[in-house]
Ligand code: ZN
């Protein structure tokens, strides 16, 4: 994952353009990705696909010719979606087009202006403060092409049912590692793993530019979206903090319950926060017309760390260890999505005779035998077709995997019938 992040780092991503295409092409080396191109100008829900933006060169030169900002050195130097310009501008007239962070003077900020046509340069405040008066040369050699398109990638792994789990990550931020390379590489690795697993659910993984990409996907897939039973938006999965899970708008969806359980057993500091209509693409998936059961997994949340949306969010800010920890949580989430079933007790009048069926100790047993037997008793007690394995785990305090073994043994003995997934 870390190597893939390194490979993807320099593709000049934005919400459209060659950087997104190069990113999707690298992901295609690992996953059977289908890349969609949606023409600029296409109406999508209440939005319109913007013109495609590409940059050839962009720099700002001081009166002595020194390039104080240069897109080829770091794409963050140029405000995303800057309009083309070639001019000589006095420093005082340049001021409204310059962005820096006085409270974090060494960092270059990340700025975009997708829907208001303007141009701008971003630089560290310590450089900005040393800029001499005089005339600066401004060059933005970029194109905003109305005949271009928006690109997004989609992977679909069919399962034994058409209903699906949706995983979505954004692919529009240049250079920065936690936001958004970490989401891209963890989603890619997760897809590679899901591809090799037997599947009850179908799985769809989306690599979309933020906001406009998820809106575009939803506009084109209203019908498919109705079959989504669970899902997650992934980003910010590589920094050194513990996990933050943001619940879906529904608040107690199956995704929310599974995530809360998995994080409780993850052995890392975790924080569960309620839905709010601010953040990443969960805003679109959870808009009231769709109201999908989709939450968001991050480590640090957006805006909570000094490096957020700056040049400080580089490859040193994320670690292979944290990426791996994030992937391992997600593999566990998928395991529970696959196995969290509901059962019905076929002998609900009184306790069935477990001893007669060889399920109960004949003589006083060892401690672990005792917890297996507790698993039988809890499953028989709660299996009325409504409560799922996860519900029983939460209520009993017994381990999910122990209850799963117990339920499989009870099915074998004819005492439980599997009546379907926990997600209905
Ligand atoms: Zn961001």
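Below are the figures for this structure:
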{"read-out": "Pairwise FRET efficiency - residue 66 versus residue 304, Cβ, R0 = 51 Å, nearest 0.05", "value": "0.90"}
{"read-out": "Ellipsoid equivalent to region 1-83 - semi-axes via the Cα gyration tensor, in Å", "value": "28, 21, 8"}
{"read-out": "Distance from region 277-302 to region 116-160 (C-alpha centre basis), Å", "value": "25 Å"}
{"read-out": "Residue among 399, 58, 230 with the largest mean-square fluctuation in a Gaussian network model of the chain, springs linking Cα atoms under 10 Å", "value": "399"}
{"read-out": "Taking region 1-93 and dividing mean pair separation by its residue count, relative contact order in percent (alpha carbons under 8 Å, at least six apart)", "value": "17 percent"}
{"read-out": "Share of pairwise Cα separations in region 169-313, more than 27 Å, in percent", "value": "17 percent"}
{"read-out": "Alpha-carbon Rg with Dmax, taken over the chain, Å", "value": "25.8, 94"}
{"read-out": "Net lengthening on full extension, residue 315/residue 162 (0.36 nm per residue, minus Cα-Cα)", "value": "51.3 nm"}
{"read-out": "Spin-label pair residue 344/residue 111, simplified geometry with 7 Å Cα→Cβ offset, distance in nm", "value": "6.4 nm"}
{"read-out": "Length-normalised contact order of region 239-281 in % [C-alpha pairs under 8 Å, at least 6 apart]", "value": "54 percent"}
{"read-out": "On Cα atoms only, tilt of 254-264 relative to the major axis of the chain in degrees", "value": "90 degrees"}
{"read-out": "The chain: angle of helix 367-382 to the longest principal axis, Cα-based, in degrees nearest 10", "value": "90 degrees"}
{"read-out": "Separation in nanometres of the label points that stand 7 Å from Cα toward Cβ, at residue 287 and residue 220", "value": "1.7 nm"}
{"read-out": "Relative contact order %, the chain, counting alpha carbon pairs below 8 Å whose residues are six or more apart", "value": "16 percent"}
{"read-out": "Label-to-label distance, nm, for residues given as residue 54 and residue 401 (7 Å Cα→Cβ offset)", "value": "5.1 nm"}
{"read-out": "Share of Cα-Cα pairs in region 64-104 lying beyond 14 Å, as whole percent", "value": "62 percent"}
{"read-out": "Value of D in µm² per second that Stokes-Einstein yields for region 314-424, Kirkwood Rh from Cα pairs, at 20 °C (1.002 mPa s)", "value": "139 µm²/s"}
{"read-out": "Helix 183-194 vs. the chain, principal-axis angle (Cα, 0 to 90°, nearest 10)", "value": "30 degrees"}
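Values in this text are rule-based calculations from the coordinates and carry no lab data. Note that the coordinates shown come from a computational prediction; the quantities given were computed from them, not determined experimentally. Cβ sites come from the backbone with ideal geometry, for glycine too, and all protein chains shown count toward neighbours.
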